[in-house]
Every structure is written in structure tokens, then in C-alpha cells.
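Some notes on the structure that comes next.
The values are calculated or read from the model by the stated rules, or taken from the named source; none is laboratory data. Every value quoted in this text rests on a predicted model; they were computed, and no experiment measured them. Virtual Cβ from ideal backbone geometry, glycine too; neighbours counted across all protein chains shown. Each accessible area value is taken on the protein alone, full model and side chains, heavy atoms only, with ligands, DNA and RNA left out. Shrake-Rupley method; radii C 1.70, N 1.55, O 1.52, S 1.80 Å.
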Amino acid sequence: DWFTAVPPALVAEQKGTIDVILVADCVWMLELVTPLLQTLRVLTDQSPSADVLVSYQRRGKPTHDAFLQGMGQMFERMEAVDLPAIGIDDPEPLFVYRCRRNLLMES
């Protein structure tokens with residue numbers, strides 16, 4: 001439930017320990033974009049070097065555009081994964097991104 005804030009105790013407990021955040025098939029309704037982005041912001045504020053892997057199927061242009069705009073504003077790096085290179089021959093309409101907020105902490 002993206003409308004429920006991440007519990008502060010959980011956030012404090014996980015500070016700096018999150019390596020990967022996996023977001024799979026969570027982008028389909030426009031009204032869920034902002035709460036999802038807020039959740040990602042809270043988690044990556046505590047672990048700015050975490051890699052965020054996002055995979056979803058495009059289901060509508062407004063939702064897709066709003067999500068990409070929000071992600072672009074949040075992350076310093078957002079790269080599309082080359083799907084044919086990993087064996088996905090017909091990637092339409094699948095999108096996979098690898099994102100990171102803090103490039104200074106990249107290893």
C-alpha cells in the first residue's frame with residue numbers, strides 16, 4: 001500500500017543497509033505514481049547508494065510519462081537495461097531501469 005508511509009522505525013533500522021530495491025510491475029495506475037515515488041524517496045534517503053531496479057509493462061502513456069518524469073527528478077542516474085542483451089527478444093512494452101541517487105557512493 002503505497003499510500004501508507006514507511007514506518008519511521010523501519011526506516012531508521014534500515015539506514016544505510018539497503019543494497020537493492022526491486023520494483024516489479026508496480027506502475028499501472030496514475031494515482032499510484034506519486035505514493036510509489038514517495039516510498040522510493042524515503043528508502044533512498046536512508047540508503048542513497050542503493051541500486052533501484054524497476055521493471056514494468058507500459059499500460060498507459062500518462063502513467064508512464066509521470067513515472068519517468070518523477071524518477072528522472074529523483075535519481076542522478078537512470079539507465080535503461082538493454083533487454084535483447086539479456087535474452088528478451090520482444091521487449092515491447094516492457095521497461096527495465098537501473099537507478100541510483102548518489103553517484104559519489106558508487107563502487
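A few comments on the model shown:
- Looking only at residues in the stretch 6-34 that are acidic (Asp, Glu) and within 21 Å of Pro48 (Cα to Cα), the one that is modelled with the highest pLDDT is Asp19.
- Selection from the stretch 46-76 of residues that are touching an Asp or Glu at 6+ places or on another chain (Cβ under 8 Å) and surrounded by fewer than 14 Cβ atoms within 10 Å (Cβ to Cβ): Gln57
- All of (1) under 15 Å from Met71 (Cβ atoms); (2) without any contact (Cβ under 8 Å) to a residue 40 or more places away in the chain hold for Val27 with one exception: (2).
- Among the conditions (1) of a type in the set (A, V, I, L, M, F, W, C); (2) crowded, with 16+ Cβ neighbours inside 10 Å; (3) closer than 21 Å to Asp1 by Cβ; (4) at pLDDT 85 or above, Cys99 misses just one, which is (3).
- Considering residues of the stretch 18-45 that are of a type outside the set (A, V, I, L, M) and open to solvent by 60 Å² or more (accessible area, probe 1.4 Å) only, the residue nearest to Ile88 (Cα to Cα): Asp25
- Odd one out for Asp1 among (1) surrounded by 11 or more Cβ atoms within 10 Å (Cβ to Cβ); (2) farther than 15 Å from Arg101 by Cα; (3) among the charged types (D, E, K, R): (1)
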